[in-house]
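Beneath this line is the structure, given in structure tokens, with notes to follow.
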Amino acid sequence: MPIVTLPFADLVDRFGPVPDGVELDVWDVEGPYDRPDDVAITLLPFYFAGRHRWQFVHDLPNLRLLQLPSAGYEHALPHAPAHAQVANGRGIHDDETAELAVGLALTSLREIHTFQADRTAGVWDVRTTRSLADRRVTVVGYGAIGAAIATRFEAMRCDVTVVARSAREQDGRHVHAFGDLPELAAHTDVLVLITPLTDETEHLVDADLLAALPDGALVVNVARGRVVDTDALVAELERGRLSAALDVTDPEPLPAGHPLWTTRNTVLTPHVGGNTDLSVPRTLELVRRQVSSLAAGHPFANVVHG
């Protein structure tokens with residue numbers, strides 16, 4: 001009987017009925033699984049770092065699907081066993097990450113973080129801030145999360161431009177190619193990053209692209225830290241020319257003493273874009289679909305490798 005492993009007992013408890021001929025079990029990938037020949041699908045734990053534990057996944061000779069709970073998958077592909085397909089968590093974190101992208105932009109532009117600091121200091125300081133409405137927003141990365149982000153910024157009455165690896169027409173929007181970014185940057189008030197990390201996108205936002213942004217522009221990163229040249233961003237922030245609202249950094253976690261802890265015009269959250277109370281139910285929805293596909297002999301969803 002094929003086994004589907006979930007990393008925590010409460011996920012099994014909340015899963016509900018499974019198709020006949022499929023068994024659920026708990027396995028956190030912290031050690032070898034005791035019935036390795038029977039495992040067909042494994043859901044990795046959230047924020048799985050792997051290291052030596054990847055060997056335990058490789059020890060599953062009949063593994064058909066390695067399911068990631070994250071939209072990003074660059075961390076898993078170099079380690080995943082060649083005999084299994086890899087699926088990402090496309091659709092799980094769309095709403096969560098889109099919410100945070102808008103929240104980070106609002107926090108920075110409306111200076112909510114500084115008003116909270118005033119509150120702690122007991123200071124009542126009325127001042128004018130910047131509105132999000134009417135801002136020119138460029139969203140870099142146009143997958144499911146990028147589309148959700150673009151929709152929300154449009155609802156906030158922003159002028160939204162979307163960019164991806166290749167130009168196309170999609171969802172009634174013209175999608176620009178990465179090659180258009182230098183020209184688009186000159187007309188961007190808020191640059192939102194949600195592209196996957198690949199060889200092509202590492203340091204996509206470099207010193208030249210940052211320099212092309214207008215004075216006062218805001219960089220919102222809910223993608224991966226290495227999409228941005230951190231040293232170049234720090235230089236712009238220390239000058240006070242740009243602002244940043246970052247859910248991800250390079251390095252990550254941000255070490256003590258790193259300049260981003262103290263740079264001007266900076267809002268920072270610790271990589272929590274996909275970490276809300278929606279994460280578990282949306283993950284279970286996806287895994288249920290994968291289990292149904294396994295039982296019916298249908299193709300798996302969200303396959304990014306294999």
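Among residues of the stretch 213-225 that are more than 21 Å from D250 (Cα to Cα), those with a beta-carbon under 6 Å from a residue that is open to solvent by 10 Å² or more (accessible area, probe 1.4 Å) at least six positions away or on a different chain give the pairs D215/R241. If I filter the stretch 249-257 for residues that are buried (at least 17 other Cβ atoms within 10 Å of the Cβ), of a type in the set (S, T, Y) and either more than 15 Å from the chain's Cα centre (by Cα) or not in a loop (DSSP other than H, G, I, E, B) (or both), do I get at least one hit? No, that holds for no residue. Identify, please: which residue in the stretch 259-295 is over 27 Å from P45 (Cβ atoms), modelled with pLDDT of 95 or more and not β-branched (V, I, T) and is, among those, surrounded by the fewest Cβ atoms within 10 Å (Cβ to Cβ)? By that ranking, first place goes to W261. Screening E154 with (1) in contact (Cβ under 8 Å) with a residue 24 or more places away in the chain; (2) more than 17 Å from D229 (Cβ to Cβ); (3) surrounded by 12 or more Cβ atoms within 10 Å (Cβ to Cβ) gives one miss only, at (1).
Which one is least open to solvent (accessible area, probe 1.4 Å), of the residues in the stretch 13-36 that are part of a loop (DSSP other than H, G, I, E, B) and closer than 20 Å to P281 by Cα?
Looking at the filtered set, the residue picked out is W27.
Would you say Q85 is open to solvent by 20 Å² or more (accessible area, probe 1.4 Å), out of contact with any Ser or Thr (no Cβ under 6 Å at 6 or more places or on another chain) and free of Cβ contacts under 8 Å to residues at least 40 places away in the same chain? Criteria not met by Q85. Condition first: among the aliphatic types (A, V, I, L, M) and either touching a Lys or Arg at 6+ places or on another chain (Cβ under 8 Å) or in a loop (DSSP other than H, G, I, E, B) (or both). Now tell me which residues in the stretch 180-205 satisfy that. Hits for the stretch 180-205 are A186, V190, I194, L197, L204.
Tallying residues that are open to solvent by less than 30 Å² (accessible area, probe 1.4 Å) and more than 21 Å from R136 (Cβ to Cβ) within the stretch 216-248 yields 6. Scanning the stretch 37-50 for residues that are open to solvent by less than 50 Å² (accessible area, probe 1.4 Å), under 21 Å from N275 (Cβ atoms) and out of contact with any strand residue (DSSP E or B) (no Cβ under 6 Å at 6 or more places or on another chain) yields a count of 4.
Taking first residues from the stretch 275-291 that are at positive phi and partners that are open to solvent by 10 Å² or more (accessible area, probe 1.4 Å) and part of a helix (DSSP H, G or I), no Cβ contact under 9 Å between residues at least 6 apart in sequence or on separate chains turns up.
The values are calculated or read from the model by the stated rules, or taken from the named source; none is laboratory data. On a predicted model such as this, the values are computed, not experimentally measured, just so you know. Here the Cβ is made from the backbone with ideal geometry for all residues, glycine too, and neighbour counts use every protein chain on show. Ligands, DNA and RNA are stripped out before the accessible areas are found, and what is left, the full protein with its side chains, is counted by its heavy atoms. Shrake-Rupley method; radii C 1.70, N 1.55, O 1.52, S 1.80 Å.
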